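The values are calculated or read from the model by the stated rules, or taken from the named source; none is laboratory data. Predicted model only: the values in this text are computed from it and were never measured. Quick reminder, even Gly has a Cβ in these numbers, built from the backbone with ideal geometry, and neighbours come from all protein chains shown. Just the protein is used for accessible areas: all its heavy atoms, side chains included, with ligands, DNA and RNA removed. Shrake-Rupley method; radii C 1.70, N 1.55, O 1.52, S 1.80 Å.
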Amino acid sequence: MAPSGGAMAAAAEEVVVYSARKEHLIKPLFDAFTAETGINVRYVTDKAGPLLARLQAEGANTPADMLMTVDAGNLWQAAEQGVLAAVESETLKANVPAHLRDPEGRWFGLSVRARTIVYSTERVDTEELSTYEGLADPKWQGRLCLRTSKKVYNQSLVAMMMERLGAERTQEVVEGWVANLATQPFSNDTKTMEAVAAGQCDVAIVNTYYFGRLQKKDPDIELALFWPNQDDSGVHVNVSGAGITRHAPHPEAALRLLEWLSTPAAQDRFAGLNMEYPVNPAVEPDPLVAAWGDFKADNINVSKAGELQAEAVMLMDRAGYR
C-alpha cells in the first residue's frame, strides 16, 4: 500500500471501520477526516470480541476496511487470527513509537492508557506505595480492591508482569493480591474506584482514563493516582489502536485514515476525547491528564500482552483471582 495524497482521496470515497471504541469517541474524528479529505467514513461499533468474530465470519466478503479496538491483547488476537494486513508506512513508523505497534506492521497504537494504582488520599500515605508487586505485601491485607480477572486489561497487566518477572514470581504476586482483597473483584474500574472512595478499601489498580472520567464528575474526590515501579520497569501502559483488514475493499483510503489518526492534529483529539495519552510523542496530553504528572512507562513491546495472555489467564486462575 502506498498512499499518495489528493489523487487517492478522489479515487476512494469511503472507509468502513469496525470500532470497539464508542461512537462519541470516534465520530468527531471521522467527521474531521471527511471534512479534510472528502473521504466518507462509515462505522459499526460493538465490543472487541463480536467485531473480531464478525470479521472472521465475513472473510473475503467483509465490508470492513479497518478494525479499531482497545488493548494490545485484542489487537494481537486479531492479527494472529489473520484478519489484519501488514502495511508499510513511514508516517506510522515516525508517529507511533516501536513498542506501541505490531513489529510486523499489522496494527498500530493510537492512544496510550496507563494501568496504575489509585489510592485514598485520606487513608494512604504515598510512602506506603511502591510497585504493583508491593500490593502483595501483607500490610495491604483487607485494603485492596481489584477489577475482575475476566477483563482483558488485568490479563494484559499480568501478562506483562510475566514477561518482566517470570511466571513463578508473578504467581506469587497475584496470590498476594488475592490474599489482600477487601472484597470480591468488581465488574469495572469505576465501581472499583467508587469502593475506594467509599472506604471499602484503600487502593486499587485502574486505567487512568477511568480516573479522569470520575475526576471530571467530582473534582474534589479524595482519590489520586500513584505511578508504581519508577525505580525499575515503569508503569504498565497499553494502547487503543487499529489495523487495516486483510480483505479491505478500500485499503488505500483506510491507510490514509490510519496515518491521519497518528498525526498531531488528530492525536490531540483522539486522546483528549477519552482522557488518554497521545501515542505520538510530539503531542501534549490534555491539561487534565497532564496534571497527573510525568511518569516512566514500561517500554516492553505491548504485543507481549497478547502473546502471553492465555498463560496469564491460567496463572490468574491458579492464583484464585476470579
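See the values below:
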{"quantity": "Identity of the residue in region 74-101, charged (D, E, K, R) and part of a helix (DSSP H, G or I), that ends up surrounded by the fewest Cβ atoms within 10 Å (Cβ to Cβ)", "calculated": "GLU90"}
{"quantity": "Near pairs, Cβ below 9 angstrom, 6+ apart or cross-chain, from region 35-54 (of a type in the set (Ser, Thr, Tyr)) to any residue that is open to solvent by 50 Å² or more (accessible area, probe 1.4 Å)", "calculated": "THR37/GLY6; THR37/ARG256; TYR43/GLU23; TYR43/LYS27; THR45/LYS22; THR45/GLU23"}
{"quantity": "Qualifying positions in region 78-94 - in contact (Cβ under 8 Å) with a residue 12 or more places away in the chain and closer than 13 Å to LEU255 by Cβ", "calculated": "LEU84, ALA85, ALA86, VAL87, GLU88, SER89, THR91, LEU92"}
{"quantity": "ALA114 in a helix (DSSP H, G or I) and open to solvent by less than 30 Å² (accessible area, probe 1.4 Å)", "calculated": "no"}
{"quantity": "Test: residue in region 127-143 that is in contact with a Ser or Thr (Cβ under 7 Å, 6 or more places away or on another chain), on the phi < 0 side of the Ramachandran plot, of a type in the set (A, V, I, L, M, F, W, C) and in contact (Cβ under 8 Å) with a residue 60 or more places away in the chain", "calculated": "no"}
{"quantity": "VAL196 under 27 Å from HIS99 (Cβ atoms) and either touching a strand residue (DSSP E or B) at 6+ places or on another chain (Cβ under 7 Å) or at pLDDT below 95 (or both)", "calculated": "no"}
{"quantity": "Answer from GLY5, GLY59 - the residue that is out of contact with any strand residue (DSSP E or B) (no Cβ under 9 Å at 6 or more places or on another chain), modelled with pLDDT of 95 or more, of a type outside the set (Val, Ile, Thr) and open to solvent by less than 40 Å² (accessible area, probe 1.4 Å)", "calculated": "GLY59"}
{"quantity": "Search result, residues across region 228-241 that are in contact with a Leu (Cβ under 9 Å, 6 or more places away or on another chain) and over 30 Å from ALA78 (Cβ atoms)", "calculated": "none"}
{"quantity": "Residue under evaluation ARG322, criteria (1) open to solvent by less than 70 Å² (accessible area, probe 1.4 Å); (2) assigned to a loop (DSSP other than H, G, I, E, B), criterion not met", "calculated": "(1)"}
{"quantity": "Qualifying residue in region 168-189 (condition: closer than 23 Å to GLY293 by Cα, in contact with a helix residue (DSSP H, G or I) (Cβ under 9 Å, 6 or more places away or on another chain), open to solvent by less than 40 Å² (accessible area, probe 1.4 Å) and not in a loop (DSSP other than H, G, I, E, B))", "calculated": "yes"}
{"quantity": "Any hit, region 150-165, residues being of a type outside the set (Val, Ile, Thr), part of a strand (DSSP E or B) and open to solvent by less than 10 Å² (accessible area, probe 1.4 Å)", "calculated": "no"}
{"quantity": "Residue in region 225-232 that is under 30 Å from TYR43 (Cα atoms) and in contact with a helix residue (DSSP H, G or I) (Cβ under 8 Å, 6 or more places away or on another chain) present", "calculated": "no"}
{"quantity": "Qualifying residue in region 252-270 (condition: in contact (Cβ under 8 Å) with a residue 60 or more places away in the chain, hydrophobic (A, V, I, L, M, F, W, C), touching a helix residue (DSSP H, G or I) at 6+ places or on another chain (Cβ under 9 Å) and under 30 Å from GLU127 (Cβ atoms))", "calculated": "no"}
{"quantity": "Meets criteria (of a type outside the set (Gly, Ala, Ser), crowded, with 22+ Cβ neighbours inside 10 Å and under 16 Å from TYR119 (Cα atoms)) for ARG143", "calculated": "no"}
{"quantity": "Every residue from region 280-299 that is touching a helix residue (DSSP H, G or I) at 6+ places or on another chain (Cβ under 8 Å) and open to solvent by less than 40 Å² (accessible area, probe 1.4 Å)", "calculated": "ASN280, VAL283, PRO285, VAL289, TRP292, ASP298"}
{"quantity": "Lone qualifier among ASP71, ASP65 - being at positive phi, open to solvent by less than 10 Å² (accessible area, probe 1.4 Å) and either in contact with a strand residue (DSSP E or B) (Cβ under 8 Å, 6 or more places away or on another chain) or at pLDDT below 95 (or both)", "calculated": "ASP71"}
